[in-house]
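Undergrad: Below: one structure in structure tokens.
Each reported figure results from applying straightforward, stated rules to the coordinates on display, with no laboratory input. Here the structure is a predicted model, which is why all the values come from computation and not from measurement. Cβ placement follows ideal geometry from the backbone for every residue including glycine, while neighbour counts extend to all protein chains displayed.
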Amino acid sequence: MKRLVASVFALAMAALPAGAQSLEDLNIQIHGYATQGFLYTTNNNIFTTSSSNGSPEWTEAVLNISSQPTPKLRVGVQTRYFLLGNFGDALTLDWAAADYKQNDRFGVRFGKVKTPSGLLNETQDIDPSYMWSLLPQSIYPITSRNSILAHYGGVVYGTFNLGPQAGKLEYRGWGGEREIEANDGYWISEVEEGINLTKGVNQVVMGGALHWRTPVSGLMVGASASRSNATTNGITTGNGAYAGTQALTAYTEPDFFARYEKDKLMVAGEYNRIPGTIRIQFPGPTAPLTPYDLIGWFGMASYKVTGKLSAGVYDSQYFDRASPLGAARYSKDWALSGRYDINSFLYAKAEQHFIEGTAVGYDATLNADGLHPNSKLTILKLGVSF
Amino acid sequence: MKMLIFACVLAASASIFVAEAHGQAIVIANPGVKASEVSKNDLKDVFTGASTSLGGASVTPVLLKAGAAHDEFLSAYIGKNDTAFRAGWRSLVFSGQATMPKSLDGDAAVVEFVSHNAGAIGYIGKASPHDGVKVLAVH
């Protein structure tokens, strides 16, 4: 039924371009996009899909309604249908926020807002904006996207002009609460061991980011840091027969990034680290703290070959420094990508990944024969936006 | 030697063509906008959503839906084609950072809108009538 609703929604959105402008006089805008992806892997089923047989289970549809009643005030809401294998298959609220921008130096946004950490976090779900079908999974894991994309709370932002010789400095600060859902990709290894969260993990988060748009035309360098508080949540195992707790210590997530755009060329890179400890406690002796130290980075480049055709490549690497040596400790992903814009609304993408290591969204239950250390992933995607 | 002369003539012709092409679109603003000139970087910031002010005063960009002046403006001042330009705006819209600027059908509609809305800034073909608005010099 949800697939049917999503399909009707997608078709309705595809038919809306003419209507998208008709509400302009009321300062109300309606925008949206829908995508359909196809996944094929040579080894291993990825992202809880049956991709080794070829899987079309990757559908997204987004509807955005916004209004700007005054030049300084905007309000908006965005909903999403997301399906990726066993993830999603639900309508969710992307964000719903009011934004007051006093001037270029100060603005504030509150409600459910996108979290502006790192280079791409607040836009990582916007498929029409990217050439890539799949952003580097080392920092932007699609199976955790709903959890890390937004938070309930606020964002303050602004830009300071440092003068013609020093460029501009953009700042963002945020705080609030986010929920890492019980079926989020972060918990996939626990689920594989038969441990399930009774509900999502609610974290208090706060952070800040600086983007320096340097005097070198097209070059931006930046850094962000996000702090999440300690949490303790209920867990069960043995098909619910035993109850316990999962305790996460507080952690700070530093992130460094840069992007250079010149004419048809774009080059970017990012580094991110999530260090912390976790304790899985069931009745009995006190369980030890298990450390984790997740490090991800990527380098990417893209080039506009023609007005309609873009091509690019990235190398994305991720590893847990605290994990034992082996293929489950890391993931290295080389990706070659292409995008063709059929017209202003329709586009098609093709992408080839060469993945080493198994620390990427693999689910043991869908890989019952064990994981191969290497796999190739082919992605085809069709999208429409207005 | 003839080849060298030919190449020089060709390069000079190309540069003249580019200079003329950059002169096909002009930037206009509501007469209430205090600035009389704008840097290319500031203009790009306003039309890509990075900034909403010019010379300290609030401005609102307005776009042409299509056409030679639109393509020329994007090429000369934004450095993107229409698809990439609108993709950038969609990125802002879908992340809740902005609303899409109005897109109007032709130069006359842009002049009409800019002349009647405080802080409005747009662009039109150089040859189009533009009574009631001011032309901003771009440097």
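Undergrad: When only Cα pairs under 8 Å and 6 or more residues apart are kept, what is the percent relative contact order across region B:25-139?
TA: 48
Undergrad: Let me ask another. Could you give each residue of region A:370-380 its phi-based ³J(HN,Hα) in whole Hz, using Karplus coefficients 6.51, -1.76, 1.60 with θ = phi - 60°, and x for Gly or Pro?
TA: x, 9, 7, x, 10, 7, 10, 10, 10, 10, 10
Undergrad: May I ask you to derive the relative contact order of chain A, considering only C-alpha pairs under 8 Å and at least 6 residues apart, and to give it as an integer percent?
TA: Result for chain A is 15 percent.
Undergrad: Let me know the shape class of region B:78-139, please: from the alpha-carbon gyration tensor, a ≥ b ≥ c as square roots of the eigenvalues, rounded when a/c is under 1.5, otherwise prolate if a/b is greater than b/c, or oblate.
TA: prolate
Undergrad: Please state the shape class of chain A: rounded when a/c is under 1.5, otherwise prolate if a/b exceeds b/c and oblate if not, all from the C-alpha gyration tensor. Intermediate values should be presented prior to the final figure.
TA: Details: a/c = 1.41, a/b = 1.26, b/c = 1.12.
Cα axes put chain A in the rounded bin.
Undergrad: Given labels modelled 7 Å from the Cα in the Cβ direction, how far is it in nm from B:His116 to A:Leu346?
TA: Output for this residue pair reads 3.7 nm.
Undergrad: Also, quick follow-up: Enumerate by residue number the trypsin sites (Lys or Arg not before Pro) in region A:163-232 meeting two conditions: DSSP loop (anything except H, G, I, E, B), and at most 16 other Cβ atoms within 10 Å of the site's Cβ. Each step should come with its number before you reach the end.
TA: Numbers: sites: A:Lys168, A:Arg172, A:Arg178, A:Lys199, A:Arg213, A:Arg227; in loops: A:Lys199.
Counting only loop positions with at most 16 other Cβ atoms within 10 Å, the trypsin sites (Lys or Arg not before Pro) in region A:163-232 are A:Lys199.
Undergrad: List the residues whose amide H sits under 5 Å from the amide H of B:Val138, counting only those 5 or more places along or on another chain, with H placed 1.01 Å from N in the peptide plane.
TA: Placed amide hydrogens put B:Val38 under 5 Å from B:Val138.
Undergrad: Here is a further query. What residue among A:Ala348, A:Ala223, A:Ala327 has the largest mean-square fluctuation in a Gaussian network model of chain A, using Cα springs under 10 Å?
TA: A:Ala327
Undergrad: Run the quick spin-label model on B:Ser128 and A:Leu265: label points 7 Å from Cα toward the beta carbon, then report their separation in nm to one decimal.
TA: Spacing of the two 7 Å Cα→Cβ label points: 3.5 nm.
Undergrad: Now for a separate question. Just check region A:217-289 against the gyration tensor rule for me: Cα atoms, a ≥ b ≥ c as the square roots of the eigenvalues, rounded for a/c under 1.5, and otherwise prolate or oblate depending on whether a/b exceeds b/c. Don't jump to the answer; show the numbers that get you there.
TA: Details: a/c = 5.16, a/b = 3.22, b/c = 1.60.
Prolate is the answer for region A:217-289, as a/c is 1.5 or above and a/b outweighs b/c.
Undergrad: Along region A:122-137, what does the Karplus equation 6.51 cos²θ - 1.76 cosθ + 1.60 (θ = phi - 60°) give for ³J(HN,Hα), rounded to whole Hz, x for Gly and Pro?
TA: Whole-Hz 3J(HN,Hα) from phi for region A:122-137: 6, 10, 5, 8, 8, 4, x, 7, 10, 7, 6, 7, 10, 5, x, 6.
Undergrad: Using Cα springs under 10 Å in a Gaussian network model of chain A, which residue among A:Thr252, A:Thr365, A:Thr159 shows the largest mean-square fluctuation?
TA: A:Thr365
Undergrad: Further question on the same structure: Name the long-range amide H neighbours of B:Lys102: under 5 Å, sequence gap of 5 or more, or other chain; modelled H, no Pro or chain starts.
TA: Residues meeting the criterion, in which the H sits 1.01 Å from N, are B:Leu63.
Undergrad: Using Cα pairs closer than 8 Å and at least 6 residues apart in sequence, work out the relative contact order for region A:235-386, in percent.
TA: Once normalised by length, the contact order is 14 percent.
Undergrad: Then there's this: Pairing the Cα long axis of helix A:2-14 with the longest principal axis of chain A, what angle in degrees results, from 0 to 90 and rounded to the nearest 10?
TA: Here the helix axis deviates by roughly 20 degrees.
Undergrad: Something else now. Give a residue-ordered list of calculated ³J(HN,Hα) values for region B:62-79 (Karplus: 6.51 cos²θ - 1.76 cosθ + 1.60, θ = phi - 60°; whole Hz; x for Gly, Pro).
TA: After applying 6.51 cos²θ - 1.76 cosθ + 1.60, I find 10, 10, 8, 5, 6, x, 5, 5, 5, 4, 5, 4, 4, 5, 7, 10, 9, x Hz.
Undergrad: Go through region A:295-386 and name the trypsin sites (Lys or Arg not before Pro) that are in a DSSP coil and have 14 or fewer other Cβ atoms within 10 Å of their Cβ.
TA: Listed in order of number, the matching sites are A:Lys308, A:Arg321.
Undergrad: Another question, then. Mind jotting down the distance between the C-alpha centroids of region A:220-285 and region A:101-118, whole Å?
TA: 23
Undergrad: Using only the Cα atoms, what convex hull volume per residue in Å³ does region A:199-353 have?
TA: Expressed per residue, the convex hull around the Cα atoms of region A:199-353 is 180 Å³.
Undergrad: While we're looking at this one, here's another question. Which cross-chain or sequence-distant (5 or more) residues have an amide H under 5 Å from the amide H of A:Gly167, H modelled 1.01 Å from N in plane?
TA: For A:Gly167, the qualifying residues are A:Leu162.
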